[in-house]
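The values are calculated or read from the model by the stated rules, or taken from the named source; none is laboratory data. Please read all numbers here as calculations on a predicted model, not as lab measurements. Because the Cβ atoms are built from the backbone with ideal geometry, glycine has one as well, and the counts that use them run over all protein chains shown. When the accessible area is computed, the model is the full protein with side chains, heavy atoms only, and any ligands, DNA or RNA have been set aside. Shrake-Rupley method; radii C 1.70, N 1.55, O 1.52, S 1.80 Å.
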Amino acid sequence: MAPSTSLLLSFFILFSPLFSASSSEEIENPPLTITLPLTPTFTSKPSMDPMLFLQELASESKSRAHLLKYGKTSPLVKSPLYPIVYGGHTISLGLGTPPQKLSYLVDTGSHVVWAPCTTHYRCINCSFSAKEVPFFKPQLSTSLKTLNCKNPRCTSECPRCKGNPKNCPQICPFHVQYGTGAEDGYYLSEDLHFPEKTFYNFLVGCATIGFREISTFAMGGFGRSMFSLPVQMGVKKFAYCLKSHYFDGTRNSSNLIFDYRDGDTEGLSYTPFLKNPPDYPIYYYLVVKNLMLGNKILPISSKYLAPGSNGSGGLMIDSGFAYGYMAGPVFKIVTNELKKQMYKYKRSREVEELSGFTPCYNFTGRKIEIPDLIYHFTGGATMVVPGNRYFRFIPQIGFGCFPVTTDAAKTLEFTPGPSIILGNYMQVNHYIEYDLKNDRLGFRQQTC
């Protein structure tokens, strides 16, 4: 979707006195670490109807999985849009001079930093009014610089440059797509302020128009890209430890740590990030040696556990996805074994049909015992996910469901993209470290 021409021209005229941005300045004498509060965030309170709430979660999970797997090669998913509990986490950042504070979603499945921009921001078919959106006000910042297409930092397609961006004054267009939604606008260069450090010439997307969005928050892309938040900051690694979130509006904050130090972190097990395939350049890919449910090794083919050259297969870790995803064949093997080990509980087909999740069980008056889900990665690292970290419980009606989404209904046996997406719900009570310098993921189980 192309941004509105009239909007871009009006903003270009508005900021014409400002000079164009150059390349990023070197980061001098950074602190060893920068720590920010990491807050669970919710777009609204969950529905009073628990079944409708599960339907909303299932809808958003399918949209997120579709985007991560098919990206720009597939049209937007046509699915119901709900003002749901998002299941993400935010940090507060100060952009511009003087700093303007906004909350940014922490998303390792995204690659740029952007914010709703200007009082003229519009959102089409969104779950909220544009008047509710906190936005960055460029006209109030003395450090803002516009970015044009001849700037080497502009990697967008510039249609009015007619294939010759070197001498083109067109403002650098900005476009991103998220699940069922998208944002258009243009790129800016700004100052980004932390308590211990200011980063100059920081590349930021200025979103002027949105489409089918469910969240009013700005976006902090943490993916594998030169324009992501941690890479622009020049950190060697970043880490978080997520506390339990119950999707009920509870603000149960933890910390996000930006780390400029190299080397091992005490107590962590490490597994390497894989070189990204061309179609999926920003994701954090891992190889799973085997997957266990309780003490049973699941008979999953290696083609699903390790990504091929085209990016199909393997596991992607994602901070912006609540429950995660499994490809149809993987989902079938996992849930078939789960049903065997959960035989003493009564399944509820009605809840499964109403919620969109499967399997679902009636735990009313019963002691709940769910087997661990265990990931064995290359390099010897093992992640144990307890049953209460991958099941979604509905205490109002005494039921619980396996909330991982799938594309099991598709006729293709092997779909593009990762076969497993490890969402943030399964990462709770783990210290998770993304070691960018050494291309590896480190983690340990702990109470966050």
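Results, tabulated for the structure shown:
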read-out	value
Region 270-306, residues that are of a type in the set (Phe, Trp, Tyr), part of a strand (DSSP E or B) and within 21 Å of the chain's Cα centre (by Cα)	285
Lone unmet requirement of (1) among the aromatic types (Phe, Trp, Tyr); (2) modelled with pLDDT of 90 or more; (3) more than 14 Å from residue 325 (Cβ to Cβ) for residue 414	(2)
Subset of region 382-405 [at pLDDT 90 or above, open to solvent by 30 Å² or more (accessible area, probe 1.4 Å) and closer than 19 Å to residue 321 by Cα]	384, 386
Selection status of residue 166, free of Cβ contacts under 8 Å to residues at least 60 places away in the same chain and open to solvent by 20 Å² or more (accessible area, probe 1.4 Å)	yes
Residues of region 170-211 classified as part of a strand (DSSP E or B) and charged (D, E, K, R), total	4
Of all residues in region 326-376 being touching a residue at least 12 places away in the same chain (Cβ under 8 Å), outside any helix (DSSP H, G or I) and among the aromatic types (Phe, Trp, Tyr), the one that is farthest from residue 298 (Cα to Cα)	363
First in region 265-278 and closer than 23 Å to residue 430 by Cβ, second anywhere and open to solvent by 60 Å² or more (accessible area, probe 1.4 Å) and not in a loop (DSSP other than H, G, I, E, B), Cβ under 7 Å, 6 or more apart	267/444; 268/444; 269/444
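Conditions (1) in contact with a Ser or Thr (Cβ under 8 Å, 6 or more places away or on another chain); (2) without any contact (Cβ under 8 Å) to a residue 12 or more places away in the chain; (3) surrounded by fewer than 20 Cβ atoms within 10 Å (Cβ to Cβ), marked per residue:
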{"residue": "185", "(1), (2), (3)": "yes, no, no"}
{"residue": "190", "(1), (2), (3)": "yes, no, no"}
{"residue": "194", "(1), (2), (3)": "no, no, yes"}
{"residue": "202", "(1), (2), (3)": "yes, no, no"}
{"residue": "206", "(1), (2), (3)": "yes, no, no"}
{"residue": "210", "(1), (2), (3)": "no, no, no"}
{"residue": "219", "(1), (2), (3)": "yes, no, no"}
{"residue": "225", "(1), (2), (3)": "no, no, yes"}
